[in-house]
Structure formats: structure tokens, C-alpha cells
There are 2 protein chains.
Amino acid sequence: MKKVTINSVATYAGVSKKTVSRVLNNEPNVSPATREKVLKVFKELDYTPNPIARGLARNRSFIIGCLYDNPSKSYITRVQSGALEACHKHNYNLLIHPCELRGEALIANIENLLMTSRLDGLVLTPPFSDSIELIEFLKKKNVNYARVASAIEDDESISVRSNDEQGAFEITEHLIELGHSHIAFIKGHPDHSATEQRFSGYQRALSAHNLTFDDTLVAEGNFSYHSGADSAKAILDINPRPSAVFASNDYMAAAVLKLATQRQLKVPEDISIAGFDNAPIARHIWPGLTTIAQPVEEMTRQAVELLIEQIGGAQVQVRQTTLEAKLITRESTSKP
Amino acid sequence: MKKVTINSVATYAGVSKKTVSRVLNNEPNVSPATREKVLKVFKELDYTPNPIARGLARNRSFIIGCLYDNPSKSYITRVQSGALEACHKHNYNLLIHPCELRGEALIANIENLLMTSRLDGLVLTPPFSDSIELIEFLKKKNVNYARVASAIEDDESISVRSNDEQGAFEITEHLIELGHSHIAFIKGHPDHSATEQRFSGYQRALSAHNLTFDDTLVAEGNFSYHSGADSAKAILDINPRPSAVFASNDYMAAAVLKLATQRQLKVPEDISIAGFDNAPIARHIWPGLTTIAQPVEEMTRQAVELLIEQIGGAQVQVRQTTLEAKLITRESTSKP
DNA sequence: ATGATCTGTGACACCGGTGTCATAATGTCA
DNA sequence: TGACATTATGACACCGGTGTCACAGATCAT
């Protein structure tokens, strides 16, 4: 099967390849007759333009890369789905690049990524959106990027986040208002800025309600279900047992729920459990988890929209956006 | 910031660009001195080769596309993870393309995908791995592709599947051997070949154990949690209530579990529940779901490995592979 | 009628690399 | 020492498109 290039089309149609290119890109100044003729040859020869050649000439690939390292599958799919929505709207495609590395190795990895596929831009999700090294590197290399759910301030770069501190405050307050005062907390992964934010919202709610913060009620997790299970053991063994647990994400909360159920504790009668993120699991288990809905898709979608705008050469005006998180109450929390 | 091209490097190092290209690709026949010199200039100028230009010259993009439309997030992430493993091993990248379309629109969509980014190959996951139209189209366009978890026979194309029929047989047999004879079944999405396979395994097990098949025990689902919830309602209302439910995937099984728990039924004492896929949710809920572990990552990994081999120009010998599915027993099934 | 503007088209360089081939320099063997 | 193989290097075309510019012919205002 011989290749059909713009040259074959041009020869066959009896026009110059520039004219073919004009038809291809819907440029003006082509007579209707010529346009028709060329379009007919497209069909006849079953011509597909070569995106690589086009990319070389235009210096564009129309591909956006998405960088992530997140233990939560549902977070990743939500990120992808938001990014894809924006990409497809503007006829871009999405290349995914999960990556577990830190420091030097991370930079080398990204360098290799940029060497093997030319990306028009990069979306950084946690924890990469907080990596100063990476951001410096990208700036140096003149790569367009947008940051999702990052807490670090940097007016230069595009960043869309949600208000985690406020969300954590609200859900803690929800527990307090139900009558809980002995509320355990499970922290997230230390590399994620959300971890600190959520912890801080928890503390602020305690002090806003004149409860003293007790660090023996705090367990260290890393957002994974597994780490939640470990933390759950520690927390359920505390004497007296906390009447409520606020886990920094739903996976860890689900792990607490599973262990509590196994130990014949009734949720929420014996212990209330709250999560964060509104992951699918929060409504797939029984009792459903009270949690904070973060607009993950929306954040990513907006970030990619802005990124594409910037790639297009626009001077993006509003680079920093904060979206609201929302409390979702389900069956896993009640009066003590 | 001026662009650093192979030409600037060549000029700066005082060699021809072909020699620079040789160094870049680790080709032989470059004197150590020259190589050193060029490498030093790479550093000094902070040169990054342009993958697009390279792609044009070599007629390769080193990007594989992954096509899917699957309601299960965990299935998607498993597919991605297997594909990525193979890609990164061979220095390829992965572009994801979810796509809800069928028929004509699907073809147009894929055509557009191929027009906007040149992909070296395509991995098809269900239900696309079963789409005759799509396969015909790709053959016509001379696009390399590999099919994952497809049931249709086609010796020409690369295909890696797992034995769903056998898995369904085994899990049904497991229920029968526990003493169940009144076993409900929830079907999957009709577009997926797995749906028919699993149903057929269920039926074969019944007849192998001399149980008569009763179609009032069969509910129509579509693999989504939501459809599982609907089917669960129908099944739990059957009189007399089935003593066991085999749902075609774990999401639907989890929905049955949730409804049963809400109705104060004890699982597995009052009703046994089995799923399929060994999705994360199967072990994240309590009781954990008895299910069939499908080697999704492994299937996809192998499919992509073969695909890359084919792209490399090799005549791939063994194009068709079937992997084994494995029964995983957890707490959701027991004697009636 | 005349210059000015607009429309349709093609020649040609260019994007940034790689492949082919010629050629000079060096090494090898009788 | 000459004939021949090997190594190191560069000139140049090429991959398949797009951008710039020149130019002929049509249209328009004066």
C-alpha cells in the first residue's frame, strides 16, 4: 500500500501542494471549484495528513502531558476525565505519565519524557504541583505547565486549587456540632500540600469550638487504603476510644469503617467516620461516608483550559483560581 | 530564549549536523574525541532534540494510543497500568482516548484521532476489541493494533484474553459446592463479549451439576454500580429469595451487598454474593467479595509488548494468547 | 482609462532531524 | 610498498507538511 502524501494529492489534482495545504486547513482564497476538486481527490486517494509533519512545520504537537503519582485510582481517573474534557474540546490529546520519582531522578525522567515526545504543555497534579524543583526545571526549559490542587504560591504559573483547609474545617465542625469532642484524625501523605491544609482545617475547627487539640488522636497515613488500615488499628485501640474519626481521604476512611465493622462496632452509633474527596467508594459502601466533595474534574478541566489558552499564545490574565469544596453528609456520621 | 537546534550544536562544536546526529543516537564510527566534544556542547547549550523532527524523519512517534469505554474506573486504571509498563520499558509513551461512540461516529472519531496525533499503534480494550467495524477500518488504514480481552477470533491480529467462561464456571461451581442451588445471575453490558462468556460459564456450571437453568433468576445489568443496584432490587424481591447471587462484575456485586445490608440481611449467612474481576472494591468492603481475579494488567502488558514488537517490524509469531483467571474466595460466600 | 486593491495560485525556503553515499584518513596484510 | 579494508566525517537529499512572497488576473474607485 503506497503512501498518500500531500504531493501525490497535489499532482493528482493538478495543483500545487500549497493549495492542497490551504484546502486542508480551510484557509480562504481558494476558489470553490479548486476546493471541490481537491476534496474529491482526498476521498479518492483516501488521504490522511501526517500530524508529525504538520507538527514540525507548526511547532505544535497538540498533545498535553499529565503527570501524576497518586495512590487513589479514583483521583487519577477524575483528573484524567477533567483533563480530557478540556483537551477534546480544543482538539488536543492527552498523554499520561505516572511517575513515582522524586528529586534528581524525577527531573531526569521528565527530561526523557520531553525528549521522546514533544508535548505542548504539562498538567501537574499532586504531589508534583508542589515540587519546586520540577517547576524550576520546567521554567528553565520554557515548557508550558499548569498546576492542580497545589498550595504553593507562584503568581507566574497557572494554578487551580480547591479550598482544602476550609473543607476540613467544615467537616470537623460538622462532627463537633453533632456533639463529638474526642475526634481522631488521620493525616495524608507528607509530600502532598493537601495533607497540611486538611490537618490545619481540623485544628482550626477544634480551636474555634474551644476544644483542645490532642496529638495522641492523630495518626500518620499516606492516603492509601493500606495506610488507613494501619491507622485504624492504632485509633480504635486508643482508650477511651474516640467517638469520631476524620480521615484525610475516603480510602483511609473506608479502611477505618471496614476494621470497625469487623470489630463489631456499629457505624455511626458506636463511632462516626468522616472522609475527604467524595471518591466513588464513599457512596459504594454501607454506611455511606460523610465527606467533602472536591471538584477534581472541574479543577483539572479549568487548569487545562488555561494551559491551552497559554499555549495558544494568549496572555492568560487570571492564572490563579480557587474552587469551593462541599460538605456531603451521609450515614457514617451521627450524634455520639 | 533562542532555540537550540542540531544546527547550532553542529556549528558551535565545529562538526556537521550528521555527526551530531550520530552522537545523539549512539551510533558507531565517531571518534571518542569528537563524541566528547559534542557531548560537552550538549551540556553547554542545554540542547534537547526535537522529537517531532525525529519522528518525521524516522516515521515514528513512539506513542501508543489506548482506546476504551468502560464504566469501571478500576478496570481502566489497571489497563493503563499494564500498558504503561510495557510502553516505558521500550521508551514509548501512552496516549489515552476514552470514547463512548459506536458505529459511524466511532470511525469518524478515530479517524480524527489519527489525523491529530500520529500513533504508532493502538490498544483496543472492551468493547472496542470486539468491534468488527473498527478492526476493518484499522486494517484498511494500515494501523497497527492489539486487542485485549476480546472473544472474536481473528488470527491476523494480536489478541490477549483471559478465560472468562472458565472463570464464571468455577465461581458458579464454587457456590454450588457450598450447597447453593438457587443462584441468581446479573448480566453485564451487552456490547462486551465478556458478558456472554460469563453468562455461558454460569449456565455450563449449572448443567454440569444437574441444576436446571431458570431465567427468572437472571437480571440485566451493564457492569455499572448503578445497574447493579437496580438488579439487586429485582433479585432480592424474588420469592423465594435466591440463596446466592453471582454478579458479572464486582461493582454490581458491591451494589447487591449494599442493598442486602440495608435490608438487614446478613452476608453471607442469609445470602452469598460473588463478583468478578477482583476490583479493589472487592477487598475494600466488608465482607470482602469472593470473585474471579482477571489478569487485566498482565493481558494489557502482553498486548502492548506484542504490539511494540510488531511496530518494530518483527513478524510476531504467537499473536493469540489466553491467560488464566483465578478464583479468590473471601467472606461474602458460605454455605446457605 | 488608470492606478489601487483584492483574489487565487504556485515557487521555494524552512521546520529539525535522519539516511545515503562520497571521500579522506587510517590501518592491515602480503 | 602497494592494494585493499576499515574508520571517521560531511554534503546533500529527504521526511511531509506550513509560511512567505511574488505574481497574474479580476474588481473597484476615481
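The values are calculated or read from the model by the stated rules, or taken from the named source; none is laboratory data. Predicted model only: the values in this text are computed from it and were never measured. Cβ sites come from the backbone with ideal geometry, for glycine too, and all protein chains shown count toward neighbours. For accessibility, only protein heavy atoms count, side chains too; no ligands or nucleic acids. Shrake-Rupley method; radii C 1.70, N 1.55, O 1.52, S 1.80 Å.
A few notes on this one:
- Buried on assembly, the stretch B:129-143 (at least 50 Å² less accessible surface than by itself, 1.4 Å probe): B:LYS141
- Note on A:44-55: average number of Cβ atoms from other chains within 10 Å of each residue's Cβ is 5.
- Summary for B:GLY179: label point 7 Å along Cα→Cβ; distances to the equivalent points in the other copies, ascending, 4.3 nm.
- Annotation for the stretch A:3-68 versus the stretch B:300-321: alpha-carbon center distance of 32 Å.
- Alpha carbon centroid spacing (whole Å) that separates the stretch B:185-240 from the stretch A:145-197: 43
- The stretch A:1-97: GluC sites (Glu not before Pro) in DSSP coil with no more than 14 other Cβ atoms inside 10 Å: none
- In the assembly of identical copies, A:PRO336 has its label point, taken 7 Å from Cα in the direction of the beta carbon, separated from the corresponding points by 4.7 nm (ascending, one decimal).
- About the Cα centre, charge dipole magnitude for the stretch A:164-294 (Lys/Arg +1, Asp/Glu -1 at Cβ), debye: 420
- Seen from A:PRO127, the other residues with C-beta closer than 10 Å to its C-beta sum to a net charge of -2, counting Lys and Arg as +1 and Asp and Glu as -1.
- Max mean-square fluctuation residue, GNM over chain A, Cα-Cα springs under 10 Å, options A:GLU305, A:GLU104, A:GLU196: A:GLU104
- Think of chain A as having a plus end and a minus end, set by charges on the Cβ of Lys, Arg, Asp and Glu; of A:ILE52, A:THR34, A:ALA146, A:THR34 sits farthest toward the positive end of this dipole.
- Rounded Å value of the spacing that divides the Cα centres of the stretch A:97-140 and the stretch B:84-139: 26
- Student exercise, chain B dipole from Lys, Arg, Asp, Glu Cβ charges, in Debye to nearest 20: 2040
- Top of B:GLY121, B:GLY221, B:GLY55 by mean-square fluctuation, Gaussian network on chain B, Cα under 10 Å: B:GLY55
- Within the stretch B:1-95, trypsin sites (Lys or Arg not before Pro) in DSSP loop having at most 15 other beta-carbon neighbours inside 10 Å: B:LYS2, B:LYS3
- The stretch A:164-294: mean projected area of Cα convex hull, nm²: 6.8
- Taking the Cα centre of the stretch B:269-336 as reference, the dipole from Cβ charges on Lys and Arg (+1) and Asp and Glu (-1) amounts to some 60 debye.
- Placing unit charges on each Cβ (+1 for Lys and Arg, -1 for Asp and Glu) gives the protein assembly as shown a dipole about its Cα centre, and among B:ILE328, A:ALA232, B:LEU178 the Cα reaching farthest toward its positive end belongs to B:ILE328.
- Carbon/sulfur fraction of accessible area - the stretch B:6-49, other protein chains in place, 1.4 Å, %: 52
- Within the listed set A:GLU170, A:GLU297, A:GLU269, the residue fluctuating most in the Gaussian network model of chain A (springs between alpha-carbon atoms under 10 angstrom) is A:GLU269.
- With an a/c value of 1.5 or above and a/b larger than b/c for the gyration tensor axes a ≥ b ≥ c computed over the alpha-carbon atoms, the stretch B:1-127 is described as prolate.
- Zero-based 10 Å bins, Cα pair distances in the stretch A:30-104, whole percents: 15, 27, 28, 16, 9, 4
- For the segment B:68-75, counting C-beta atoms of other chains within 10 Å of every residue's C-beta and taking the mean gives 2.
- Just the protein heavy atoms count here, and of the accessible area of the stretch B:136-278 at 1.4 Å, carbon and sulfur take up 45 percent.
- Calculated [θ] (222 nm, deg cm²/dmol) that DSSP helices of n ≥ 4 give over chain A, each run adding -39,500 (n - 2.57): -14500 deg cm²/dmol
- For chain A, the solvent-accessible area of protein heavy atoms averages 42 Å² per residue (probe radius 1.4 Å; ligands and nucleic acids excluded).
- Inter-label distance for A:LEU327 and B:ASN112, nm, one decimal - labels placed 7 Å from Cα along Cα-to-Cβ: 4.3
- Kirkwood-type radius of the stretch B:252-335, with distances r between different C-alpha atoms, in Å: 14.9
- Global geometry of the stretch A:116-210, whether rounded, prolate or oblate, following the gyration tensor of its Cα atoms and the 1.5 cut on a/c: prolate
- Subtracting the Cα-Cα distance of B:ALA57 and B:GLU170 from their residue separation scaled by 0.36 nm leaves 35.4 nm.
- Accessible area buried, both sides summed, chains B and A with 1.4 Å probe, Å²: 4500
- Shape category assigned to the protein assembly as shown from the gyration tensor of Cα positions, a/c cut at 1.5: oblate
- Placed amide H near A:SER162: partners under 5 Å, 5+ positions off or other chain: A:ALA149, A:LEU323
- Using the Cβ-Cβ distance between A:ALA33 and B:ALA33 with R0 set to 56 Å, the FRET efficiency from 1/(1 + (r/R0)^6) comes to roughly 0.35.
- Buried on complex formation within the stretch A:253-301 (loss of at least 20 square angstrom of accessible surface versus the isolated chain, 1.4 Å probe, ligands and nucleic acids ignored): A:LYS258, A:THR261, A:GLN262, A:ILE281, A:ARG283, A:HIS284, A:ILE285, A:TRP286.
- For the stretch A:6-49, Kirkwood radius (reciprocal of mean inverse C-alpha pair distance, Å): 10.0
- Relative contact order %, chain A, counting alpha carbon pairs below 8 Å whose residues are six or more apart: 17
- Calculated SAXS-style log₁₀ I(q)/I(0) at q = 0.12 Å⁻¹ - chain A, Debye, Cα scatterers: -0.85
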